[in-house]
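*Asks:* Below: one structure in structure tokens.
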Amino acid sequence: MVITTLVPAFPPDLRIRTTLADCVWNRLAFPAYIFGNMEKSSHSAAGANDDEQLIVSISQGDRSAFGTLYDRFSTPLYSLALKMLGDDAEAQDLLQEVFLSVWNKASTFRADRGSAFSWVVTQLRNRAIDRIRSRRRRGELLEANAPDLMPVGSNQGSSAENCETNERAREVRSAMEQLSDDQRQVLRMAFFDGLTQAEIAQKLEEPLGTIKARAHRGMARLRTLLRSLHE
Amino acid sequence: MSSERLNELAALHALDFLDEAEKKELLNSGEDELIRDFAETAALLAYDAPEVPPSPALKAQIMGRLPKHRAPSRIIAFTQWMPYAIAACLMVLGIVQAQRIFVLKAHVRQMKAGLLADDTEVNHLRTSNALKDLRLAMLQEGAAAQANAAYASSHIMVAWDPAQHRGMLSMKNLPSPPTGHVYQLWVLDPKAQKPISAGLINESRPFAVEPVSTSQPGFAISLEPSGGMPAPTGPILFAVAPGQ
């Protein structure tokens, strides 16, 4: 299948025509963030390096680089925040907090420890988990003291149907679909709900060892699937 | 550690599933690439969330919250230097303290040596009976000195060696004599017709006189006209009688 992709990372006069296969190696394709150091990755590594260069520029106070990084990362990060927190306002607040942290801590980023995307996702996820746990504690207190005041539902995923799926998301979701339901469920509960393996075991009423095995096999399978797309 | 075990730990680590012991086991394995690989895989799970772009206004809002004047690299650089700066300060403080300790030790050694020399001298004097006949006399304030507050804190003492007919005058807080006057020291021999002058005094000093008839003469200080007198003419300020 041949498609045309406009690559916003390049100036308009350098827009390139590319195939889906090429897109995999483009900055917009996820392997750029994961397997930038693999054999065929000269193209994709450029994308990852591009992000790292942006972080370096940000550490020097470059607002324009910050704006570019925001354009690249804000949608997946906001989607993740919304998925985890299930609340528009809180997701926006968290996104703002994370990007300001990126601005303030850009110099602490170490490219040898992971990609810029992974660095920012980790920051967002950790903060989201803190909020979820804090909310859970508040909820438990509220439930114990005033059960009638508990919220009834949220707007989680309310606008998800209207959103366009980009290539990276498509690839990841496709890989996720190839996992078993059990594996997918455990990964999502761990990643999006911030649950520990013990909490997942309790919720699913399964032994802890079973949860560990599903998580391990799920992650290993996901890694293999994502890598195999580029070999 | 088997590669299967490593893979399992790295996969679970990416989901924050490891306890401290397992985390340590993994991080000590040196398999950084594997750990990173799984961490990157986990980060990509972000794309599994339904895609929702943030409000377009949010970017402007965040950009607006960035500090207007900032030099992040400089700030961070300082943060990075801070541990080294603290270490350097501690090192300098350590050197200064070590130097002070060295100086203090040298001072203590010097003082010990001085004390040892004093002990030796005292022992020598004791064994040589040099102090046996030494007379120590504290001079008392006379009426003229008692009437003058300037002499209230004055202390005059004489150490007299009868064998050598010489002494040592020690003065403390003796005010300067009035203009045109001097203090004069006298040795009082009961068999002499008049006090024997031991000279003019303005500070602690040794003195010597002609042989006297007693081993315990008296001493006196009077205020005399400049140049001194052959016999006391002015008021007796301090004195101690012979034999006292």
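The values are calculated or read from the model by the stated rules, or taken from the named source; none is laboratory data. Every value quoted in this text rests on a predicted model; they were computed, and no experiment measured them. Using ideal geometry, Cβ is built from the backbone for each residue, glycine included, and neighbour counts are taken over all protein chains shown.
*Asks:* Would you check which residues across region B:152-184 are farther than 22 Å from residue B:211 by Cβ and assigned to a loop (DSSP other than H, G, I, E, B) and list them?
*Replies:* As a first pass, look at region B:152-184 and keep what is farther than 22 Å from residue B:211 by Cβ: B:152-157, B:170-183.
Residues satisfying the conditions are B:152, B:153, B:154, B:173, B:174, B:175, B:176, B:177, B:178, B:179, B:180.
*Asks:* Related question: Which residue is farthest from residue A:128 (Cα to Cα), if the candidates are limited to region A:201-231 and must be more than 9 Å from chain B (Cβ to nearest Cβ) and touching an Asp or Glu at 6+ places or on another chain (Cβ under 8 Å)? Quick ask: steps written out before the conclusion?
*Replies:* Step one: of region A:201-231, the residues more than 9 Å from chain B (Cβ to nearest Cβ) are A:201-210, A:214, A:221, A:224-225, A:228-231.
Those still in the list that are touching an Asp or Glu at 6+ places or on another chain (Cβ under 8 Å) too: A:214, A:229.
Values: A:214: 24, A:229: 30 Å.
Step by step, filter region A:201-231, then rank; the result is A:229.
*Asks:* Determine the pairs where a residue that is farther than 17 Å from residue B:158 by Cβ, located within region B:190-213, has a partner that is among the hydrophobic types (A, V, I, L, M, F, W, C) with Cβ atoms under 6 Å apart, the partner being 6 or more residues away or on another chain.
*Replies:* Listed pairs, sorted by first residue: B:194/B:231.
*Asks:* Please find, among B:10, B:57, the residue that is more than 8 Å from chain A (Cβ to nearest Cβ) and loosely packed, with under 12 Cβ neighbours inside 10 Å. It would help to see each step written out before you state the result.
*Replies:* On the way: B:10 fails: loosely packed, with under 12 Cβ neighbours inside 10 Å.
Of the residues listed, the single one that is more than 8 Å from chain A (Cβ to nearest Cβ) and loosely packed, with under 12 Cβ neighbours inside 10 Å is B:57.
*Asks:* Determine whether residue B:222 is surrounded by 15 or more Cβ atoms within 10 Å (Cβ to Cβ), touching a residue at least 12 places away in the same chain (Cβ under 8 Å), over 16 Å from residue B:135 (Cα atoms) and touching a Leu at 6+ places or on another chain (Cβ under 7 Å).
*Replies:* Yes.
*Asks:* Within region B:36-49, is even one residue surrounded by fewer than 19 Cβ atoms within 10 Å (Cβ to Cβ), among the small types (Gly, Ala, Ser), modelled with pLDDT of 90 or more and over 15 Å from residue A:216 (Cβ atoms)?
*Replies:* No, that holds for no residue.
*Asks:* Select, from A:36, A:61, the only residue that is under 18 Å from residue B:62 (Cβ atoms), modelled with pLDDT under 90 and assigned to a loop (DSSP other than H, G, I, E, B). Break it down into steps so the answer makes sense when it comes.
*Replies:* Values: A:36 fails: under 18 Å from residue B:62 (Cβ atoms).
After ruling out the rest, the residue left standing is A:61.
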